[in-house]
Amino acid sequence: WHWLNAIVITGSLLTVLLNSTLLKGRKNAAFIKDKLHEAGATVTDDQARSVAHELTDKVWALHTYFGYGLATLVLFRLILEFFQAADQKLIRKIKVAYDDYMVTKKNRELARHEFLVKTLYAIFYLFILTMAVTGLCLAFEDDVPALKAIHAIREVHQFTMYLILAFITVHLAGVF
């Protein structure tokens, strides 16, 4: 789950990076028009913008597929939580880590670390769940008119991306 999640999130973030840098619509429209003009073709600004828009749409489609993968992994993780042995459930692990740190004061430094790590993972799961739900809402907003009316969905989705990036940074720092 961890490595599939890492691949899906990385792919998703790379599509955002690609569309927000290399595939910027106006810059690419001008580039497309210039290159086709050099090749002897006559292209209007609208035609060039249309081609540039199609390129970004293809990358957003790939982003959507990564999103479906993320939603599937989240669903799998939620289902797994219900069928795991009691001592393997995340909520139980957090409770045990909390008890070790706050109640029994057992090996304080290690207990604090365990409690912090487990709590951060719970927060990360909340971020991933938020990202998956808002992403699915965005993916199906054309099919469900009520979703299109909720303008905050896109902002929550985008803001959550930054929270996930912050978590990834903290996670990698902790690993190193």
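Details
- Residue in the range 21-31 that is aromatic (F, W, Y), out of contact with any helix residue (DSSP H, G or I) (no Cβ under 7 Å at 6 or more places or on another chain) and either closer than 23 Å to L136 by Cβ or surrounded by 13 or more Cβ atoms within 10 Å (Cβ to Cβ) (or both) present: yes
- Among the residues of the range 131-157, those that are of a type outside the set (G, A, S) and within 9 Å of the chain's Cα centre (by Cα) comprise M131, H157.
- Scanning the range 155-170 for residues that are open to solvent by less than 70 Å² (accessible area, probe 1.4 Å) and either without any contact (Cβ under 8 Å) to a residue 24 or more places away in the chain or of a type in the set (F, W, Y) (or both) gives A166, F167.
- Residue count for the range 58-98 satisfying the condition of being of a type outside the set (A, V, I, L, M), open to solvent by 60 Å² or more (accessible area, probe 1.4 Å) and more than 17 Å from F127 (Cα to Cα): 11.
- Within the range 142-176, the only residue that satisfies the criterion of being among the acidic types (D, E) and in a helix (DSSP H, G or I) is E155.
- Residue count, the range 42-99 (criterion: under 28 Å from F140 (Cβ atoms) and hydroxyl-bearing (S, T, Y)): 6
- Residue match in the range 115-127 (condition: open to solvent by 60 Å² or more (accessible area, probe 1.4 Å), farther than 22 Å from L70 by Cβ and in contact with a helix residue (DSSP H, G or I) (Cβ under 7 Å, 6 or more places away or on another chain)): no
- If you go through the range 97-123 and pick out every residue that is over 25 Å from A173 (Cα atoms) and in contact with a Lys or Arg (Cβ under 9 Å, 6 or more places away or on another chain), you end up with 1.
- Residue within the range 68-85 that is under 30 Å from T21 (Cα atoms) and in contact with a Ser or Thr (Cβ under 6 Å, 6 or more places away or on another chain) present: no
The values are calculated or read from the model by the stated rules, or taken from the named source; none is laboratory data. Just so it is clear, the model here is predicted, and its values are computed rather than measured. Cβ atoms come from the backbone with ideal geometry, glycine included; neighbour counts cover every protein chain shown. These accessible areas exclude ligands, DNA and RNA; they are computed on the full protein's heavy atoms, side chains included. Shrake-Rupley method; radii C 1.70, N 1.55, O 1.52, S 1.80 Å.
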